[in-house]
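Trainee: Dropping a structure here in structure tokens format, bear with me for questions.
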Amino acid sequence: MKKSKFVPVGTGILLEWIKSDSKLILSPEIRQMMEMDANRTPKVIAVGPQCKEVKEGKYVLLNSGGKLLEFNGMTVGFCKEHQVDIIYDEKPEFQTTPLMSNGSGEIKTEKTEKRIIESNNKYNIH
């Protein structure tokens, strides 16, 4: 059987999705977290004809979740161009620093740190 090629329409974008190949027995939640980390900035494998800024071969940071599609044993991500916040020429490296809340790449600024402290105090969370 011939494999079909995915062709997005409009501003659709197809993204390379890396599946966790861990041989460990992991809960679905942990496996999903590993995949999300591996796919933090997925590679664009195809774009629709109306995409103006995102191009095939670039890497993107999304502002909201897309969809995962499984077809012919292959998993790909799908989103729309308006869900892209940052376009990279090369796969970026993320590092955990004291400014980051955890390894997810979330950056804590002074403003967000202040809001977290205020919220924790308001709701008595320590």
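Trainee: Within segment 6-28, restricting attention to residues that are farther than 24 Å from K91 by Cα and either modelled with pLDDT under 80 or touching a helix residue (DSSP H, G or I) at 6+ places or on another chain (Cβ under 7 Å) (or both), which residue is surrounded by the most Cβ atoms within 10 Å (Cβ to Cβ)?
Mentor: L26
Trainee: Test V47 against the criterion of being in the same structural domain as F6 (by TED's automatic domain parsing), among the β-branched types (V, I, T), surrounded by 12 or more Cβ atoms within 10 Å (Cβ to Cβ) and under 11 Å from the mean Cα position of the chain (by Cα), and give yes or no.
Mentor: Taking the combined requirement at face value, the residue does not satisfy it.
Trainee: Next question. Can you go through K80, K52, K67, K108 and tell me which one is at pLDDT 95 or above and in contact with a strand residue (DSSP E or B) (Cβ under 8 Å, 6 or more places away or on another chain)?
Mentor: Being at pLDDT 95 or above and in contact with a strand residue (DSSP E or B) (Cβ under 8 Å, 6 or more places away or on another chain) holds for just one of K80, K52, K67, K108, which is K80.
Trainee: State all residues of segment 52-85 that are assigned to a helix (DSSP H, G or I), over 13 Å from the mean Cα position of the chain (by Cα) and surrounded by 13 or more Cβ atoms within 10 Å (Cβ to Cβ); if no residue qualifies, say none.
Mentor: Selection gives E81 alone.
The values are calculated or read from the model by the stated rules, or taken from the named source; none is laboratory data. Computed from a predicted model, the values in this text were never measured in an experiment. With ideal geometry, Cβ positions are generated from the backbone for all residues, glycine too; neighbour counts draw on all protein chains shown.
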